[in-house]
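Working notes, structure below.
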Amino acid sequence: MRRLILKMSMSLDGFVGGPNGEIDWIFRTLDDAATAWTLDTLSRAGLHVMGSRTYRDMLAYWPSSTEPFAAPMNAIPKAVFTTSGAADGATTRALEDASRLRPASLAPDLTGWRDARLLTGDLVTEVDRIKREPGGDILAHGGARFARSLAAHGLVDELRLLVHPVILGRGLALFAEVAEPRDLTLVASTPFPSGAVALVYRPLAAVK
């Protein structure tokens, strides 16, 4: 059975976005070493999964991006969790911040995004089903709402958190919907020159 890995950027005080979903703070401390760590994480995935809001943001951004992350984001198969049965609709503040701070310049290649698989059933059932499919690990991307649901239902086999040296004070908390304490084991810790730190955790029960 393949694992579901949740990769998120997080402030020092535990937020994955500002009160309105702002992510401009992420780019201030994303140095070359942190970029390489993130690129390695993205490239190892067998499947990228996300909620419909994040899909719309990424569809509007990555196909024309010149960033190093664009290649694995565009090439690796994708699946979208959606309760409506569709992945179209409005984009979010995260796209606005990313587009303003990291402008794109290539002609878009939408092929890999238009072929994204739609997962419309119950979250727990759908995750269990794709975990049982053959292939490499599943890499889940936020939005906060989708990431919170994965964490709340105990569906995450590994957390890969890039913790930025920023205190937001308020915002979108990743673990706000977790009902009871859960013990984790630290698998790896990697500091970067900017002050950001990559932390990899797994549930204690999953570590042998």
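A short reminder: the numbers here are calculations on the coordinates, not readings from a lab. Everything quoted here is computed from the prediction, not taken from an experiment. Positions of Cβ are generated from backbone atoms using ideal geometry, with glycine treated the same way; all protein chains shown enter the neighbour counts.
Extension gain SER43-ALA179, at 0.36 nm per residue separation less the Cα-Cα distance, in nm?
That pair, SER43 and ALA179, stretches by 45.7 nm at full extension.
For ASP13 and THR66 in one chain, what is 0.36 nm times their gap in residues minus the Cα-Cα distance, to one decimal in nm?
Taking ASP13 through THR66 to full extension adds about 16.0 nm, to one decimal.
How far apart, in nm, are the 7 Å Cα→Cβ label points at ALA152 and LYS131?
Each label point lies 7 Å from its Cα, and together they span 1.8 nm.
Rounded, prolate or oblate: pick one for region 4-206, where a ≥ b ≥ c are the square roots of the eigenvalues of its C-alpha gyration tensor, a/c under 1.5 means rounded, and failing that, prolate if a/b is larger than b/c, else oblate.
rounded
For the pair ASP122 and MET1, what calculated FRET efficiency results from E = 1/(1 + (r/R0)^6), where r is the Cβ-Cβ distance and R0 = 30 Å, to the nearest 0.05?
The value I calculate is 0.95.
Please sort 25-38, 7-20 by packing, taking for each peptide the average over its residues of neighbouring beta carbons within 10 angstrom, highest first.
Listed from highest to lowest mean packing, they are 7-20, 25-38.
Please rank HIS141, HIS164, fewest neighbouring Cβ atoms within 10 Å first, as an exposure proxy.
Listed from fewest to most nearby Cβ atoms, that is HIS141, HIS164.
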